[in-house]
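See below for the structure under consideration.
The values are calculated or read from the model by the stated rules, or taken from the named source; none is laboratory data. Predicted model, so just to flag it, every value in this text is computed and none were measured. Every residue, glycine among them, receives a Cβ derived from its backbone with ideal geometry; neighbour counts consider all protein chains shown. When the accessible area is computed, the model is the full protein with side chains, heavy atoms only, and any ligands, DNA or RNA have been set aside. Shrake-Rupley method; radii C 1.70, N 1.55, O 1.52, S 1.80 Å.
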Amino acid sequence: AKQQGRNGYRFFEHAMNADVQLQMQLQQDLRQAIDNNELVLHYQPKFKAPNGPMIGLEALIRWQSPEHGFMTPDRFLPQAESSGLIVPIGNWVINEACRQMKVWSDQGHNDCSVAVNLSAVQLQHISLVEVVDTALEVHELTPTQLVLEITESTAMHDAETSLKVLNNLSALGVSISIDDFGTGYSSLLYLKQLPANELKIDRGFITELAQGNDDEAIVQAIIALGKTLGMRIVAEGVETSEQQSLLTQLGCDTLQGYLLGKPVPAEVLFTSVKAELGE
Ligand code: C2E
Ligand code: CA
Ligand code: CA
Ligand code: CA
């Protein structure tokens with residue numbers, strides 16, 4: 001029995017080392033990912049409810065690594081954030097999304113905006129304002145063509161600095177969107193303090209919507225609150241036509257989700273039949 005226990009311990013230790021090593025290797029490789037052109041943005045459309053035109057696109061990062069394969073952000077964003085690599089990666093995302101938006105804008109899709117997700121770490125640096133300002137200038141975009149999506153936890157990190165950065169960004173004329181609304185702490189306090197133009201109802205309230213539960217009342221209240229504050233309301237994670245029609249009935253302006261369009265590479269976005277392509 002003792003022998004077995006030792007083997008079991010050894011096995012555990014070995015497995016742990018392998019995991020730590022993999023994480024370290026991942027972080028090492030992530031450091032090279034920008035220079036090696038391994039990062040890509042996929043874009044998911046936002047549509048005017050219920051069946052209206054596309055009014056925006058959200059950029060979502062992916063990492064095509066020769067070592068680790070194709071990865072969605074849950075696999076590498078935590079490392080990017082803890083290592084600080086999210087700052088150069090985030091700057092790359094802003095520039096790449098603006099570059100692509102300019103291409104689309106020149107092709108005639110100029111009534112559409114591009115949204116970029118921001119991490120808490122990025123809002124700790126006042127230089128972010130300069131990065132955004134420069135990206136708009138270099139790619140000749142009007143500020144209204146760029147939306148910055150932040151989560152409440154993002155803003156909370158160091159509230160004072162974040163708020164200052166967000167106010168300066170807002171002063172540039174870009175839109176601020178509160179992502180995953182309803183999931184953070186002090187939601188209402190943040191809504192009051194942040195210079196936000198758009199509110200995205202978290203997918204957690206949408207998933208079981210239209211199944212006769214409390215989610216409908218919650219979503220209705222969020223929509224009423226956002227509208228009173230003059231914000232555009234986006235529902236994320238719309239997967240069924242029942243959700244689509246109920247959200248429209250409840251007064252939601254904008255819909256996003258697999259039902260209407262999955263995140264896709266830029267090249268196929270305007271050539272694909274909606275919802276046919278996906279990952
Ligand atoms: P998010 O900003 O809340 O983005 C929505 C996520 O839900 C995306 O996952 C999207 O692919 C997925 N999604 C969209 N519609 C549906 C649906 O109808 N059903 C379901 N089940 N899922 C749907 P993804 O691309 O894996 O991104 C995960 C998170 O990673 C994002 O959540 C965002 O917080 C973060 N993220 C993505 N790109 C970036 C980036 O460039 N920078 C930063 N800082 N964070 C990013
Ligand atoms: Ca988002
Ligand atoms: Ca979200
Ligand atoms: Ca989310």
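Summary table
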read-out	value
Region 190-221-region 52-121 distance, computed between alpha-carbon centres (Å)	24
Charge dipole (the chain, unit charges on Cβ, about Cα centre) - positive-most of P66, S245, W92	P66
Computed [θ] at 222 nm, deg cm²/dmol, the chain (DSSP H ≥ 4; -39,500 (n - 2.57); rounded to nearest 500)	-14500 deg cm²/dmol
Of all DSSP beta bridges in the chain, antiparallel share, percent nearest 5	40
Total lysine pairs whose alpha carbons fall under 26 Å of each other in the chain (8 or more apart, or interchain)	24
Gain in span if fully extended, A159 to D111, counting 0.36 nm per residue against the direct Cα distance	14.0 nm
Nitroxide proxy distance, nm - points 7 Å out along Cα→Cβ at L189 and Q220	2.9
Solvent-accessible surface (1.4 angstrom probe) belonging to C112, in square angstrom, nearest 10	10
Segment E137-N51, length gained on full extension (0.36 nm per residue, minus Cα span)	27.6 nm
Fraction of accessible area attributable to carbon and sulfur, the chain (%, probe 1.4 Å)	51
Probe 1.4 Å, protein heavy atoms only - accessible area per residue of the chain in square angstrom	51
Relative contact order computed over region 62-161 (Cα-Cα under 8 Å; 6+ residues apart), in percent	27
Test item: Cα-centred dipole of the chain, Lys/Arg +1 and Asp/Glu -1 on Cβ, debye	300
Per-pair calculated FRET efficiency, R0 = 30 Å: T207 and Q23 via Cβ, rounded to 0.05	0.50
